[in-house]
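Student: Sharing a structure with you now.
The values are calculated or read from the model by the stated rules, or taken from the named source; none is laboratory data. Source: prediction; values computed, not measured. No Cβ is skipped: glycine too gets one built from the backbone with ideal geometry, and neighbour counts run over all protein chains shown.
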Amino acid sequence: MAYQPDRSQYPARRPDGLSRHPASRDTSTALCVGSLDIDLASGKYLKLWQGPNHPGITGNMSLELTVCGDEVVEGKTHVGYLHRGFEKLMERRTFIQCFPIVCRICVPEPDFNEYCYAAAVEELAGIQSPERADWIRTLILEMGRINSYLMYLGGQAGAFGLGVIGQWTTYVRDLMLDRFEELSGARIYHMFILPGGVRDGLPDGFEQRMEETLVEIERVMSDVLDVMFRNAVFKKRAVGLGYIDPALIEPYGVTGPPARAAGVAKDVRKDQPYLVYPQLDFEPVTGADSDVYTRADVRRRDLLMSIDLVRQILARMPKEGPLMAKIPNVLHWKIPRGETYIRGECSRGEYGYYLVTDGSGYPRRVNVRGPSYTHAMALMERLIVNCNIADVAGLLVSLHTYPPEIER
Amino acid sequence: MGFCMSVRDVLSPFTAWKNLFLDPVTIRDPLNDRPGAARYRGFHQNDVGRCIGCGTCETICQNGAIDMVPAEGIETKQGDSGLRPRIDYGRCCWCALCVDVCMTGSLTMSNAYKWVESDPDLFRFTPGVDRKYWDDAERGYRRPEDHRLTPRERAHMGEMAPEARIGSFDEIVHGYSIEQARLEADRCVACGLCVATCPAHMAIPDYIAAVRDGDYERGLRLLYDTNPFSQICGRICTHRCETTCAARHEGDPIAIRWLKRHICDQIPHEKYLEIVGKPAPATGKRVAIVGAGPAGLTAAFDLAKQGHSVTVFEALDKPGGMTRWGIPEYRLPYDIIDREVAVIRSLGVDIRCNQRIGRDISLKSLRNGHDAVLITLGLQLGRSTRIPGSDHADVRKSVDLLRQARACEDFGTPRQAVVIGGGNVAMDIARTLARLQKLAYGEVRVTVTALEDFAHFLADPEEVKEAGEEGILILDARGPQQVVVEDGKVVGLRTWRVKAIFDEQGRFAPSYDETDEQFHPGEMVVESIGQMTDTALLGDALSEQLAWNRGRLQVDLGGRTSESWLWAAGDMVRGPDVVSAVADGHRVAASIHAALNPMKERQ
Ligand code: SF4
Ligand code: SF4
């Protein structure tokens, strides 16, 4: 029997009507496709698998595309290739033993896991992390955001064939990893924010070296602006692609840069301030056009804002004071019954940890809410319709998804 | 920003070409090492001389990467399990929790990160034992100062202020509240090094866990499994366990003794009997025990539980032995001893007081009426310095004075006294005299002269501190030379400064600096330099028959003497402290039980 997808929810036409993207030509057919039988035997449609190992896919997930010519008429997202069962593993580990695990839930930006987990444990255990630790936590989160964006920019440009951007951003990201290494003792899995505070203060001369790194990143970012954002090829491909209607932001749970690029100034750092964000000067970066180009640009400007935030933090943070709150013996740390949800604004959107404790020495339930789940699965399935096959990779990257965090 | 494309958008990308003239940044020389950062979490290092094999690193590792294994050249000894952590790099994630939790700070990480090996098994190694090139690396992750995953400080124990306590014999320490006890119990890492050290091998981590859980009945059951003198030991045990506690290396040892006391204090006395349990069905065997001290009563407790009929003969008018007659009341109130004895009596043990062997009963008659006889005579004779003047009537032995003080006999409290000795008993008598002086004359005038210097002092530091607070003058490295007697009255003690206590062969042979002489006035001098057993109690005939070893009764591992019906235990064969006596009581009870049930034992 022919497969009959339900297309009643899909937009017939892009509301701006302005887009010059090839897909816009087909907005009328989108409805037709919805009413058409997708009969694979007809020879009109083809199934195409993109992933799980594919350069156009971030990490291990896969897209099941139904194409008609070079146009996607339907896309399904498949995840599960990276499932490591972290949430379940944590139920069998003591509260301190979960600390080395959580960072693995998101490889390119691990620190949000550390922060959210630590903050959730602290809240349920009735512990207040010291002020200086909060500043350092904020610093780490902003450093991580810069790194995450640098990685994204390389990927976004690469998806449209601009290989050099990735080389540049990888170079400066490496400098930032050097800063992470000297601060936390590791380049990727920093394991620095633990329940109660942070492991250590800033090493001597850190501010100076960080400033040099920031200057270098700014220099590279100005090159990126010239070569990527003021680039006819990039504009031709990215402008108008992957439009997200602002009306979809709420129903689809879209957060972070994809929401801000649609003009919705959602930013947990402002909306529900945590750590020392209330003491920092910043305004959420927004855009208007809600396409791939705008999302990239929002991220570029957000990155520059993070550089500014790092400078603010280093200038204002206390140099003295405790780094760890008084915590009980971690070997038999029991936390009273309770539940909480801790959220933060990571580079991709709202990141959250839902933690349930039952009075024992182990978490009863941990649920990690990563933005990739909503963005890369539900939203992607919607955006992909009418997309050109060659643009699928650029579209997916523009949602800035990290599959490890879908699969917890 | 508009979507309009401009000429600039076509030209601008070509600015990328300017990078052609820059040095490449991504190429690093693979031959020259790039050292990891100062905090880099690289390969592990372990200072195995400092590591105590407590296994806390193994406990915390969530990857199960650490196994505690025996290591070549490392001995098992008090406070050191002899094991060392072996790390499996197939599992390790370099989280450094093991470094953070390490109880001694011996475990660290180097900044090395390159290690090439063709045999994958080699990546499971024992840092510090299997030598590696990074063993001496100075950089790498060390646990930052102040960064602790286990609390370092002991929960506060309330006690009477010196001014208040010196005026009475009331117990000094208040004992932990439930809250304080939980805090203290929380610090334990359950390594179990203490269990090996405790002479009675009490299940310390387990009963501490019971305190954490607030399950005091379980705690008490655990205590009485190994120690029927738990209430007493909870107050006055020499707590050697605390000297091997893993927590002592980087903080205060766990207050094991106070936690034991806390458990005992939480259970109402009536419940004890229920918790301790009922004896086994009667076996019909009869055991006589001479001496109602900790060793004798422990053996009585064990044997009675096993269903034997036990009779204890005590020379003095109350049971308890040295716990009653040798320990001042401010450390151990009488009613604690009474309660402890009541538990033992409740098992059906018949304790008969005022029954001195040689006077009221004879060992021969005991032998005839019983299947086994155990003697626990204790150490009730004080040793003398034998210095000139020490034969004067006002030169007393601490053991006698303490007994008199406990019995509230009036021995003529001196206005000023000198104590010879530096052990805990010397502190006991000095502090007892101080209290008596305070009560009788309103002021404390006691001098303690110890042979050892403060660096090698025998008494517990807290005893020394408290004695000092109570106004007692403690002088170290003073060798007694003469008790000065004028007109037939003791007027004081003359001492020289001690240069060394032992000679080159390590034998006891003090040498003195004669130019440093001091005179310590006092109308009473108390010798507190050790005690011995009154072996005359055994009677000549039996003494003849028994085998001796350098003045000590010779016994086998189970405490059996060369006479098959006679066992000996307690301070007279080992010791001297309560918990050693308890341990000995268990040992000897097991030996007697085995002898009484030869068939059962063989099964
Ligand atoms: S670094 Fe972490 S994973 Fe490795 S042995 Fe230590 S505790 Fe285990
Ligand atoms: S925690 Fe430290 S001291 Fe204890 S076994 Fe491990 S390395 Fe040795």
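Student: Could you tell me which residue of segment A:295-349 is farthest from the other protein chains (Cβ to nearest Cβ), considering only residues that are in a loop (DSSP other than H, G, I, E, B) and among the charged types (D, E, K, R)?
Tutor: Pass one, segment A:295-349, residues in a loop (DSSP other than H, G, I, E, B): A:317-323, A:325-329, A:333-337, A:347-348.
With among the charged types (D, E, K, R) added as a condition, the list becomes A:319-320, A:326, A:334, A:337, A:348.
Details: A:K319: 15, A:E320: 12, A:K326: 7, A:K334: 9, A:R337: 16, A:R348: 22 Å.
Ranking the candidates gives A:R348 first.
Student: Now for a different question. Looking at (1) within 14 Å of chain B (Cβ to nearest Cβ); (2) touching a residue at least 60 places away in the same chain (Cβ under 8 Å); (3) under 23 Å from B:K18 (Cβ atoms), which one does A:Q156 not meet, given that it meets all the others?
Tutor: (1)
Student: Give, as residue ranges, the strands (runs of 3 or more DSSP E) completely inside segment B:428-528 that count at least 3 residues that are over 17 Å from B:G412 (Cα atoms) and of a type outside the set (F, W, Y).
Tutor: On the way: elements: B:446-449, B:473-475, B:478-486, B:489-502, B:508-521, B:524-527.
Output list reads B:446-449, B:473-475, B:478-486, B:489-502, B:508-521.
Student: Show the residue pairs meeting these rules: Cβ distance below 8 Å; 6+ apart or different chains; first residue within segment B:101-122 and within 12 Å of another protein chain (Cβ to nearest Cβ); second residue in a strand (DSSP E or B) and within 16 Å of ligand 1 (Cβ to nearest atom).
Tutor: Pairs found: B:T108/B:H44; B:T108/B:Q45; B:T108/B:N46; B:M109/B:H44; B:M109/B:Q45; B:S110/B:H44; B:S110/B:Q45.
Student: Could you please tell me which pairs satisfy a Cβ distance under 6 Å, a separation of 6+ or placement on different chains, a first residue in segment A:86-98 that is closer than 11 Å to A:R365 by Cα and more than 10 Å from chain B (Cβ to nearest Cβ), and a second residue that is aliphatic (A, V, I, L, M) and surrounded by fewer than 16 Cβ atoms within 10 Å (Cβ to Cβ)?
Tutor: Matching pairs, first to second residue: none at all.
Student: Test each condition in (1) within 14 Å of ligand 2 (Cβ to nearest atom); (2) surrounded by 20 or more Cβ atoms within 10 Å (Cβ to Cβ) for B:I74 and report the one that comes out false.
Tutor: It is condition (2) that B:I74 fails.
Student: Scanning for something closer than 29 Å to B:A299 by Cα, part of a helix (DSSP H, G or I), in contact with a helix residue (DSSP H, G or I) (Cβ under 9 Å, 6 or more places away or on another chain) and not assigned by TED's automatic domain parsing to the domain that holds B:A292, does segment B:183-194 turn up at least one residue?
Tutor: yes
Student: Touching a Pro at 6+ places or on another chain (Cβ under 8 Å) and farther than 28 Å from A:M305 by Cβ - does that describe any residue in segment A:389-401?
Tutor: Looking through segment A:389-401, none of the residues is touching a Pro at 6+ places or on another chain (Cβ under 8 Å) and farther than 28 Å from A:M305 by Cβ.
Student: If you don't mind, another one. A:L177 fails exactly one of the following numbered conditions: (1) buried (at least 22 other Cβ atoms within 10 Å of the Cβ); (2) more than 10 Å from chain B (Cβ to nearest Cβ); (3) among the hydrophobic types (A, V, I, L, M, F, W, C). What is the number of that condition?
Tutor: Unmet for A:L177, out of (1) buried (at least 22 other Cβ atoms within 10 Å of the Cβ); (2) more than 10 Å from chain B (Cβ to nearest Cβ); (3) among the hydrophobic types (A, V, I, L, M, F, W, C): (1).
Student: State all residues of segment A:206-224 that are within 14 Å of chain B (Cβ to nearest Cβ) and over 21 Å from the mean Cα position of the chain (by Cα); if no residue qualifies, say none.
Tutor: Our first condition is that a residue be within 14 Å of chain B (Cβ to nearest Cβ); within segment A:206-224, this holds for A:206, A:209-210, A:212-213, A:216-217, A:219-224.
Scanning segment A:206-224 gives A:F206, A:R209, A:M210, A:E212, A:T213, A:E216, A:R219, A:V220, A:S222, A:D223.
Student: Return the total of residues in segment B:135-149 being more than 18 Å from A:M324 (Cβ to Cβ) and within 14 Å of ligand 1 (Cβ to nearest atom).
Tutor: To start, the set of residues in segment B:135-149 that are more than 18 Å from A:M324 (Cβ to Cβ) comprises B:135-140.
Imposing the further condition that a residue be within 14 Å of ligand 1 (Cβ to nearest atom) reduces the set to B:140.
Total meeting the criteria: 1.
Student: Taking the conditions exactly as written (within 14 Å of ligand 2 (Cβ to nearest atom), touching a residue at least 40 places away in the same chain (Cβ under 8 Å) and within 14 Å of chain A (Cβ to nearest Cβ)), does B:C61 satisfy them or not?
Tutor: On the way: within 14 Å of ligand 2 (Cβ to nearest atom): yes; touching a residue at least 40 places away in the same chain (Cβ under 8 Å): no; within 14 Å of chain A (Cβ to nearest Cβ): yes.
Spelling it out, it is not the case that B:C61 is within 14 Å of ligand 2 (Cβ to nearest atom), touching a residue at least 40 places away in the same chain (Cβ under 8 Å) and within 14 Å of chain A (Cβ to nearest Cβ).
Student: To continue, here is another question. Could you grab me the full set of residues in segment B:315-352 that are more than 28 Å from the chain's Cα centre (by Cα) and outside any strand (DSSP E or B)?
Tutor: If the condition is that a residue be more than 28 Å from the chain's Cα centre (by Cα) and outside any strand (DSSP E or B), then B:A315, B:L316, B:D317, B:S346, B:L347, B:G348, B:V349 are the ones that fit.
Student: Please go through segment B:123-141 and give me each residue that is without any contact (Cβ under 8 Å) to a residue 60 or more places away in the chain and crowded, with 18+ Cβ neighbours inside 10 Å, ordered by number.
Tutor: The one that is without any contact (Cβ under 8 Å) to a residue 60 or more places away in the chain and crowded, with 18+ Cβ neighbours inside 10 Å: B:F125.
Student: Can you pull out every residue in segment B:77-112 that is of a type in the set (K, R) and within 13 Å of ligand 2 (Cβ to nearest atom)?
Tutor: Residues of segment B:77-112 of a type in the set (K, R): B:77, B:84, B:86, B:91.
Hits for segment B:77-112 are B:R84, B:R86.
Student: Considering only segment B:323-358, state which residues are of a type in the set (K, R) and in contact (Cβ under 8 Å) with a residue 12 or more places away in the chain.
Tutor: B:R324, B:R331, B:R339, B:R352, B:R356
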